[in-house]
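For reference, the structure discussed in these notes is given below.
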Amino acid sequence: MGSLTKAAEEGPSAAVDWSDEAVIYVNGVRRVLPDGLAHLTLLQYLRDIGLRGTKLGCGEGGCGACTVMVSCYDQTTKKSQHYAINACLAPLYSLEGMHIITVEGIGDRQRGLHPVQERLAKAHGSQCGFCTPGFVMSMYALLRSSKHPPTEEQIEDSLAGNLCRCTGYRPIIDAFRVFAKTDDSLYTASPSENANGQAICPSTGKPCSCRNETDVNANESSTLSSVKVYLPCSYNEIDGNSYSEKELIFPPELQLRKFMPLKLNGFNGIRWYRPLKLEQLLYLRSCYPDAKLIIGNSEVGVETKFKNAQYKVMISVTHVPELHTLKVEEHGLHIGSAVRLAQLQKFLKNVIAERGSHETSSCHAILRQLKWFAGTQIRNVASVGGNICTASPISDLNPLWMATGANFQIIDVNNNVRTTAAKDFFLGYRKVDLKADEILLSVILPWTRPYEYVKEFKQAHRREDDIALVNAGMRMHITEAEGNWIVSDVSIVYGGVAVVPLTAAKTEKFLVGKKLDDGLLDETFNLLKEDIPLAENAPGGMVEFRSSLTLSFFFKFFLYVTHEMNIKGLRKVGLDAANMSAIQSYTRPVSIGTQGYESVGQGTAVGQPMVHMSAMLQVTGEAEYVDDTPTPPNNLHAALVLSKKAHARILSIDDSVAKCSPGFAGVFLSKDVPGSNHIGPIIHDEEVFASDVVTCVGQIIGIVVADTHDNAKAAANKVNIEYSELPAILSISEAVKAGSFHPNTTRCLSNGDVEQCFASNTCDKIIEGEIRVGGQEHFYMEPQCTFVWPVDSGNEIHMISSTQAPQKHQKYVANALGLPLSKVVCKTKRIGGGFGGKETRSAIFAAAASVASYCLRRPVKIVLDRDVDMITTGQRHSFLGKYKSWSVLFSIRKMCTLYQISESVGKYALQISQAILLLEVLVVHKAC
């Protein structure tokens, strides 16, 4: 890590008047952020000040439960901007000078619900409700940022970064569809009326106070004055919405506030800088060559949270104007490295509308690729340069930069600028051609030439907000020679097949100079197989499928170029219907769903589509989950010490370094359990803390408690465990081969003499084989969490748990502490999804936390990070089924089937696997 020298401190650039005053507005309230919070995210800060409607789901910007709206003032355009972000990734100080609006800020039950909130509640758009505030804020941000009512397509796109696990998306989309205006004439013409003279809303079809354009202008200040009127939010170029008692305007102080370069600090020696000029940034780079440059924090935030990366100096480049340039130049586009992806999308749309189509083929390709790049919240903050310099092997954009012939401008601390081709920039896994004293300044995207075509490709498990299995960027320039069209230049680059985007060099060399016809394909495919090899053990798996994608992408590109030539009349023979289907861009129609039911009144509520009792609490963020429960001042936070080996004997556990960690309060192992260390829902064959042998990765060995969640995690990571590895069984097939079964679990269900049937030689056909069903993560939105506290000097233990089985929590904790069941109380108000994952598997975390609480006589809260949750809880069971069946010809009734089912318990304990296996046997028997 670089450091400021005395000479550097006395230099002219060091004389910058760095400020440590950070001001933000939260829901209209001015807040001055003290120094020392550089380690916090916006989500942590909001929850610390009591705004707990914003939820922590995944912690990496993938679920949208933490969505909030951010407003900032653009000094260049003199307009305020409003957009949704993931609060779990946003560094707190990166929001300096901005206005943050959370779900609590737009409405509550006391002040009245905002139309977005009311619609979602009344349309049955929430069930567990954990994801609901995120959906509300994504929709609210879209309305505040739109000059005109959004289309249904825009509404669905704005929700692409939000996940719902239990409600389903139909009622959510139905709820928000009312805010879309699909036909201007319905609104500009006089509204229709019913028999009573009441206006009929063209969106809902119900009586309301819809007004014409004249009425809207005349009453602009009273927009959304009644929550019963579902009118689109009006738009104002300065504050983004006309003022009313229901809407928060952009604070005038922030509009007039002069930005200052910031220098702030955080826990454990973290330094946070925000320069305002390129000169200041380069100076900081010279002083701290190992510093991380931050814009959206979508990559660094994940590294620090889940990979325990430590960065002592972070430099926010969000306010350096030289990195935010977007220019249309003679030879192409000049794109600053700090330009956000959402900004780039808007810019490319304008360029495409203004320039000739032959110049913007690359712009079209990048724009199409950005549509499927992450979610809206990520695109609003992630930058072009950040994505490039992260050098992810599965980056969606890097293959396109290479294929289009883009160049990267790089500047060093002495203001020397050099240019390197994108194809030469990526050197290895997460390594790029940047020296310690250099930064990426901009990207130069050249115009395409006439008869030059660029196409993007991406294949993922799903279209929206998912990482690529394989992606690609391809470019081809063709020229006419002697009546034939010849390939004069070509570029083929794949991502997701190597540690860097891989160029098909042999294929490119072969294609140049060749006549563009169908005869090229076979030989090109053979060369592509040589250019893009995938080993059997390649990271990511699915080798055969991914290899086929590399050929499929080129085939589609060939058809795409052929079709473009057909459009221009350069080829006489067009594509047939089958080939045309291969090049059509994927378009998904607006989601439409219906639910049919018969409303039969039986009393006041039974049989009626009533809004459930918690709906209003959920849409306003007032519904309390376990992690939202207020905690006393002496509360401790827990983190687990987990096994890193699949099967090993524990030789030693050294916690001496952990005990020196800041905020450390205690570490507890198997020897510290007051009662029995053995637990289980049926058979007590599982340990609260592993004592001698670990039998899976993620098995709990101990628990560390500290004053904060981050301190507990840091201390737990410092516990050093030495193992002696033992042979491990990693699959059902290996277990069957080794005869590794739980004792007394074999069950046989028979009907007649099966073996005699097969030996009778009367069968006409025998079918046999096997079926494998993989395990599945339950993926509840709210992670496993429990809040435990001692009562009556430790003679009783009370807890609030996110569980589907409070009785099992009571049983496990009583057993671990040696207390009678009557002395253990477990309460469950609501849970943010369970799906079976919070039945038996949640209780062990309550037992672990209760040991610490009981021994220290202090409250303890344990909330698992998503990665810890997945690795410790196991999954829905995986199965291996073998079957052998015969039947008599023309007689389907005469059938005999022999089947054998083996099941993986996910972890090492029996749990309820025997009951699950018996259920599956009965299901298969009934089906046969």
Trypsin sites (Lys or Arg not before Pro) restricted to DSSP loop in region 71-157 with at most 15 other C-beta within 10 Å: Lys78, Arg109, Arg111, Lys147
Gap separating the Cα centres of region 499-534 and region 425-480, nearest whole Å: 18 Å
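In the P(r) worked out for region 321-579, what percent of Cα pairs fall beyond 34 Å? Before the final figure, lay out the partial values.
On the way: 5509 of 33411 pairs.
Across region 321-579, Cα pairs with separations above 34 Å total 16 percent.
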Accessible surface of region 115-178, 1.4 Å probe, proportion on carbon and sulfur as whole %: 51 percent
Ranked packing of 544-554, 387-397, most packed first, by mean Cβ within 10 Å: 387-397, 544-554
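Kirkwood Rh, Cα Rg: Rg to Rh for the chain?
Numbers: Rg = 30.9 Å, Rh = 31.4 Å.
Value, to two decimals: 0.98.
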Reach of Lys811 by Cα under 16 Å, taken over aspartates and glutamates that are not fewer than 8 positions away in the same chain: Asp685, Glu686, Glu687, Glu796, Glu839
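Mind ranking Tyr883, Tyr311, Tyr494, Tyr429 by accessible surface for me, highest first, 1.4 Å probe? Numbers along the way, then the final one.
On the way: Tyr883 80, Tyr311 50, Tyr494 0, Tyr429 125 Å².
Result, largest first: Tyr429, Tyr883, Tyr311, Tyr494.
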Too-long pairs where the Cα-Cα distance tops 18 Å, listed order kept, from Lys458/Lys515; Lys55/Lys861; Lys829/Lys861; Lys277/Lys349; Lys509/Lys556; Lys349/Lys371: Lys458/Lys515; Lys277/Lys349; Lys509/Lys556
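With an 8 Å cut-off on Cα pairs and a minimum separation of 6 or more residues, tell me the relative contact order of the chain in percent.
Working: 1886 pairs, mean separation 90.6, N = 928.
Relative contact order of the chain: 10 percent.
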Rounded, prolate or oblate (a/c below 1.5 giving rounded, otherwise prolate when a/b exceeds b/c) for region 510-661 by Cα gyration tensor: oblate
Relative contact order of region 321-579, defined on C-alpha pairs under 8 angstrom at six or more residues apart (%): 17 percent
Probe 1.4 Å, protein heavy atoms only - accessible area per residue of the chain in square angstrom: 45 Å²
Pairs from Lys346/Lys506; Lys79/Lys312; Lys312/Lys713 whose Cα-Cα separation, in the structure shown, is over 25 Å: Lys346/Lys506; Lys79/Lys312
Cα centroid of region 715-732 to Cα centroid of region 539-588, whole Å: 48 Å
For region 753-795 and region 295-343, distance of Cα centres in Å: 46 Å
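The values are calculated or read from the model by the stated rules, or taken from the named source; none is laboratory data. Since we're looking at a predicted model, the values are computed, not measured. Neighbour counts run over all protein chains shown; Cβ positions are idealised from the backbone, glycine included. Heavy atoms of the whole protein, side chains included, go into the accessibility calculation; ligands, DNA and RNA do not. Shrake-Rupley method; radii C 1.70, N 1.55, O 1.52, S 1.80 Å.
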